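Below: the structure, in structure tokens.
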């Protein structure tokens, strides 16, 4: 709860309390304080490390693999972890370690894609709704968002992907593959949630004195929104984006696990788990354990990063 | 002002040499240090001091409700002849609310926000008087009427947030009085209320004292409020007793420089008419730790001499039932006019 | 007086929900438009002639304009009639009725387990001097939401179902075949569901207990001689539970998603399994119906929790 945190002089700004036009969150004092708090937070640093590890793995995946991730070696099928196959092999004798490594790529791609799309769609929607808070524009936008928010993310994603199907869609010269479809579906599912966060933080900023001041000297709504309100409401948006990465990773894994996400031959963690399911009864634990651990660490990374950002940027909302 | 009744052979409450410690970051704060006083049945004693003077800690200590890591280091607490410090937890719990009731500072926060007034009243009544639900309900209604609450039946089903602050304080007083305690500790009972309600509450306490003969410890930072109700007064400063005595004696002829300064800072009581600004006591209340040797008020005292910082003054009886802890009390009493002045 | 005010509040909230519920049904219904090609091709197979497709479409009203289709579907849905499954030709309402009980049972057991552990744990964490360091508790909370339930399902089936054989390694035994075998088939997924939110709710409860216990009325209660146990378990808990309740509302969505995945992993014939099967079989009407139901359920549960909140907290009156 807020009263437990020691008041930090850098935070007694207009954003967090009294109206003091001298020190807005984007001032260096605020950011330096946030950075200091973040670096002192062990769990946040662990989260950051995991996220960097994930992204690094995705970028350098081809250099990190020990085998061709799709090379089938029936003779070596379902062998446990060894010096050759660090994470063991799957039911077709493919190297699980290499497959886990290359799957990081699709996870990061899908994650970034979903969150970017959610932001591109959700940010303007939420900003406009917040700016015209209480008007019919706000009502229409937010009620529409409520419809999407009425469904748990994973379930809505499953239903839409289920209806769309896994067949590639041809639009003119382009073929929409499954990775793109997963990104679009996840983005659509997340965008309304994002819009809601943006709207509430814009609403919080709107009655602030500096906004009034800008208006009183004749600044337009758009100017006020882009130059005054959004920079100040960036904090909850950044925090939320980090959590949505975790949701995106989970959504992709769940879809792929059900067979309606990333399609073979492109490996993904969820898909590997799905393939492993039948073999767990035979005791081939490594097949299930390693892809699952990969999902787990990616989720932990983004969740801890989100917690750390929240604690660093918005100590009043912490705990 | 009522005249203090004759002290019966056994006082209602006897506090002797009470010491309460609060360990904090490497040192110990002596929140209450060697405080003694007695209270007779039907008597009202005012505990007066600035914040941090130990007056609230003293009242919590009487109920043995000092929160860890704080603790009562030494001293004696006798209530109706019973040593409170040796009671087991269950017996002590029966004393709380049953024998000694407490009315605290913020009436609005002192009631559970999610329980009705009636539920909270009857709970306390049943706990201490062992009545049936129905009897307790009747008793609660009677209690509410006694504190002049209108349509008490309606109040019983209301929640605390539906009552005004003054009304909450009346409920608290009713709750305190219902189990028929012999002593009430009122910790700044009027501070959070506005002036007219303040007067009503004080009047109410006075009436209850007269009607039921309960003793009252009235804790306040406001010596003016205390003067309206108390028979005796004990002036505390940084956990130590400075002066005690009958209230009109202390008010008209304060012996301790601190009492004088305190009175002088009260606009209606001691400030000279010629002076436009109310004098404030310079400096601030120190954290009473072991390091302080002599008189704890010495650093801020206008009449300090070297001896003041060398040894701690003891309470010396003065006048009728009075006592003062100042080396120079007698000497300074000779020339009272000089004493309203405060060192700048 | 109070009840009627509360009644008015509930009615007002329900009226405000109507557009959202309509939107939920519209969104669910429009899934049919997302399906590539005609929905009936999946019923008739790839070999069906154009004429056969058209005939079936007419029979199913699929040749009508979209909104005509939607409103006739909605009118039926409001009477609890969702049409026939494309695949099994069983009335969808019947399918759902069979499956609902499993999902509800799973969720109720999970919530009960969560509360049975979270309440004492949260209270103990708030009152006991010797407690786990905060960041350990936080890490457990993060782990709770970060472990994919379908993964922990597989791993625990291996450990508890295959290795130790304490529980059924998947599959559903109805209660008619005995209570114990039934419980062995549902207890593990219920526990996994419970674990997802356990730490989250414990942490919330601990924080609000700490907040409440530091408030004046607790110390005032002590000064009236009320026993510590009563103050903690009655006075403080009732106050602390109110904010915790909203968190529980938020976790219902996580629980529903969890149920879908876990029913698939454990082969439990619940609503989630019905949804996933409908996805595989491209049984669009079933998909529409289940999605509508889940959306409405989620919205109504959160309304229910808001109402519960205002009933528990006398400070909120409408």
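The values are calculated or read from the model by the stated rules, or taken from the named source; none is laboratory data. Values in this document were obtained by computation on a predicted structure and should not be read as measured data. Note: ideal-geometry Cβ built from the backbone for every residue, glycine included; neighbour counts use all protein chains shown.
For segment B:80-126, filtered to residues that are in contact (Cβ under 8 Å) with a residue 60 or more places away in the chain and over 20 Å from the mean Cα position of the chain (by Cα), the residue that is nearest to residue C:240 (Cα to Cα) is B:111.
Only residues that are more than 30 Å from residue C:255 (Cα to Cα) and either surrounded by 16 or more Cβ atoms within 10 Å (Cβ to Cβ) or in contact with a strand residue (DSSP E or B) (Cβ under 6 Å, 6 or more places away or on another chain) (or both) were counted across segment C:63-105, and they come to 1.
Among the conditions (1) part of a helix (DSSP H, G or I); (2) at pLDDT below 90; (3) surrounded by 19 or more Cβ atoms within 10 Å (Cβ to Cβ), the only one that residue C:168 does not satisfy is (1).
Quickly run through segment B:227-269 and pick out the residues that are part of a loop (DSSP other than H, G, I, E, B) and closer than 25 Å to residue B:197 by Cα. Walk me through it before giving the result.
Start the filter on segment B:227-269 by keeping residues that are part of a loop (DSSP other than H, G, I, E, B), which leaves B:230-231, B:238-239, B:253-256, B:265-269.
Correct list: B:230, B:231, B:265, B:266, B:267, B:268, B:269.
Evaluated against (1) within 24 Å of residue C:153 (Cβ to Cβ); (2) free of Cβ contacts under 8 Å to residues at least 40 places away in the same chain; (3) over 15 Å from the mean Cα position of the chain (by Cα), residue C:275 falls short on exactly one condition, (3). Would you point out which residue out of A:101, A:96 is touching a strand residue (DSSP E or B) at 6+ places or on another chain (Cβ under 8 Å), surrounded by 19 or more Cβ atoms within 10 Å (Cβ to Cβ) and at pLDDT 85 or above? Step by step, each of A:101, A:96 is checked, and only A:96 is touching a strand residue (DSSP E or B) at 6+ places or on another chain (Cβ under 8 Å), surrounded by 19 or more Cβ atoms within 10 Å (Cβ to Cβ) and at pLDDT 85 or above. Among the residues of segment C:282-315, those identified as modelled with pLDDT under 85 and within 10 Å of another protein chain (Cβ to nearest Cβ) are C:282, C:302, C:312, C:313, C:314, C:315. Within segment B:297-326, count every residue that is free of Cβ contacts under 8 Å to residues at least 60 places away in the same chain and in contact with a strand residue (DSSP E or B) (Cβ under 7 Å, 6 or more places away or on another chain). Selection size over segment B:297-326: 2.
Just to confirm my filter: which helices (runs of 4 or more DSSP H) fall fully inside segment B:127-226 and include at least 2 residues that are without any contact (Cβ under 8 Å) to a residue 24 or more places away in the chain and out of contact with any strand residue (DSSP E or B) (no Cβ under 9 Å at 6 or more places or on another chain)?
On the way: elements: B:133-146, B:152-156, B:165-177, B:195-212.
Helices (runs of 4 or more DSSP H) meeting the threshold: B:133-146, B:152-156, B:195-212.
The listed residues are A:159, A:163, and the only one of them that is farther than 28 Å from residue A:197 by Cα, free of Cβ contacts under 8 Å to residues at least 40 places away in the same chain, at the interface with chain C (Cβ under 10 Å from one of its Cβ atoms) and part of a helix (DSSP H, G or I) turns out to be A:163.
Candidates are the residues of segment C:16-35 that are over 14 Å from residue C:284 (Cα atoms) and at the interface with chain A (Cβ under 7 Å from one of its Cβ atoms); the one that is farthest from the chain's Cα centre (by Cα) is C:19. Within segment C:223-240, the set of residues being in a helix (DSSP H, G or I), within 7 Å of another protein chain (Cβ to nearest Cβ) and surrounded by fewer than 21 Cβ atoms within 10 Å (Cβ to Cβ) comprises C:238 only. Considering only residues in segment A:133-148 that are more than 9 Å from chain C (Cβ to nearest Cβ) and touching a residue at least 40 places away in the same chain (Cβ under 8 Å), the one that is nearest to residue A:259 (Cα to Cα) turns out to be A:145.
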